[in-house]
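A.B. asks: Here's a structure for you.
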Amino acid sequence: MSQFEEFEDLVNDDSFRDWILSDDSEHQIFWENWVNENPDKKIEVEQARKIILISAHKPQGLSNEEINTEVDKLFQRIEKSRPKLFIQRPFIQWAAAAVMLLGVASIFYFLIPFQNEPAFLTESTQNGEQKVITLEDGTKVTLNVSSQLSYPKKFGKNKRDVKLDGEAFFEVVKDEKRPFTVNAGVLDVQVLGTTFNVSNYNEDEQVDVELLTGAVMVKLSDTDTNGIIPLRIQEKFSFQKTPGNWSIDKIASEKQVDWQNGTLYFSSTPLDRIFREMERWFDTEIDIRNKTLLPMRFTGTFEDPTLDSVLEGIGFILDFNYSINDDKVIIEFSE
Amino acid sequence: MTKMQMDERLLQYLMHDFQKGKKEALGEIMRLLYNDLYAYGLKILKDDALTKDCIQNLFYYLWIKRASLGTITKVKPYLLIALRREALKVKSSERKNDQQILSDAKLLRVSSREKELIDTQLSHEKWNQLQKVIASLSTKQREVIHLKFFEGMDAEEISQIMSIRLQSVYNLLSEALKTIRKHIVELSLIDLFFLSYLAF
């Protein structure tokens, strides 16, 4: 057995530190015995205990909010240093914009009255399926997995309204006389001519609107709010269905809306939302054995992902094992 | 896998992503390590605003130089070293500009947050007592204590970060502990917490 003659030996001993700092140390019995057998070392032990306790006490740092401010500051500086990538070409009929809405409610009826009661068409996709639709005015809509778009066969004289459940990427033909509106449950997204992405899944709690280029306006359908929020380039609008708060942040990456080209993007995304998105994307069911770890977040990009590659990537970082049986994935976090 | 190893693995993954040009990954690294870097920077610079500036500069340079960084095997120690270099640069240029302010008064400059806490809870007498303890420790001794106890680093890692010999780490640590020990008897645990705010 080693001798602990000096106070310093105690302070530097890992098992002693562990005993002082944790409630159920494996070294507890050893050190309790040692203290009893060495009453002459009482003062040394007390001094060492004090120094370990104070030095393990971390000074108060910045709050999460303050840290986020620092991160935003960094991003602004990075953006300033970066040459602008897009060039304005006014003769082009397409204003480029991309908007993404995640998780909105109600599929049952149109909130917006259409002129002349035009005839409606509906297109939908299953899990794992994508589809391209061209509307009467030339607007191109790419439907993502498990989504549904309702639109009139012919648009009215002064507006173009469609309704979306799920997610879609829109390339809207410019027509200043007829604004184009996507109804996505609690939100309307209005544009003149632009390129944007809307995702509106029932099961998601949060609505995100992400604008890459161009301009759109987000209108809350709730009549009490009566708010029209203009979005600027590279901005992300987030709406929490309950309690109905919204906020605007800077957009992280254009990859975020690049699902048509097979990119799966997560930016500090909560794990439960990632699993839901994977269920839709890969047409599978994900079963989590120990759910206590679900509040974890993950950041990463998967290009041309497979179910295996995504699970392996996230599992490696967040330390879980998985198995795939038939159409079902079982996830088990390491304890 | 320990929490520390898991954190380091996550950091390495984020580092890889960031070096491929993903700004958000760098932001995530900043979020994860901010308070550790802040605590360390504050010990060297003794100034809240300067420390924040230093961290900003550090991450901005990382972004600019991301292509030439190579593979970084230990992310946290690497960033602590880089911050230390950055902070010492700032400190030496400040010293040239303002020799006087940087004498003893500077040693005890604390962030407003900590000052507030100290003002409300520490008597004038205790405050003077703590100042005596701190004054008897060298900057390097305080730095060693911080890395050893707050960051939980071993002597070898400390010698790399501070670029001093291993034996110097042991010596500094032993001297610092001896000095603190003398005062430990007179001070209560609560007072000692303030000492940790101020000195390490």
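Bear in mind these aren't lab numbers, they're just calculated from the coordinates by the rules spelled out. From a predicted model like this one, the values you see are computed outputs, not experimental measurements. Quick reminder, even Gly has a Cβ in these numbers, built from the backbone with ideal geometry, and neighbours come from all protein chains shown.
A.B. asks: Note the full-extension length gain between A:Asp23 and A:Ile43 as 0.36 nm times their separation in residues minus their Cα-Cα distance, in nm to one decimal.
C.D. replies: 5.0 nm
A.B. asks: Check which residues have an amide H placed less than 5 Å from A:Asp287's amide H, if you skip close sequence neighbours.
C.D. replies: A:Val329, A:Ile330, A:Ile331
A.B. asks: Taking the Cα atoms of the stretch A:262-333, what is the range of coordinates along each of the three principal axes, in descending order and whole Å?
C.D. replies: The principal-axis extents, from largest down, are 28, 26, 18 Å.
A.B. asks: Name the trypsin sites (Lys or Arg not before Pro) in the stretch B:27-76 that are in a loop by DSSP and that have at most 12 other C-beta atoms within 10 Å, would you?
C.D. replies: Those that pass, being in a loop and sparsely packed, are B:Lys65.
A.B. asks: Could you pull out the pairs from A:Lys154/A:Lys236; A:Lys153/A:Lys219; B:Lys23/B:Lys65 whose alpha carbons sit more than 21 Å apart here?
C.D. replies: With Cα atoms farther than 21 Å apart: A:Lys154/A:Lys236; A:Lys153/A:Lys219.
A.B. asks: Compute the FRET efficiency between B:Arg165 and B:Thr139 as 1/(1 + (r/R0)^6), taking r as their Cβ-Cβ distance and R0 = 25 Å, and round to the nearest 0.05.
C.D. replies: For R0 = 25 Å, the calculated efficiency reads 0.90.
A.B. asks: For the stretch A:7-55, rounded, prolate or oblate, judged on the Cα gyration tensor with a ≥ b ≥ c (square roots of eigenvalues), a/c < 1.5 rounded, else prolate if a/b > b/c?
C.D. replies: In terms of gyration-tensor shape, oblate.
A.B. asks: Using Stokes-Einstein with the Kirkwood hydrodynamic radius over Cα pairs, what translational diffusion coefficient do you get for the stretch B:3-97 at 25 °C and a viscosity of 0.890 mPa s, in µm²/s rounded to a whole number?
C.D. replies: After rounding, the answer is 179 µm²/s.
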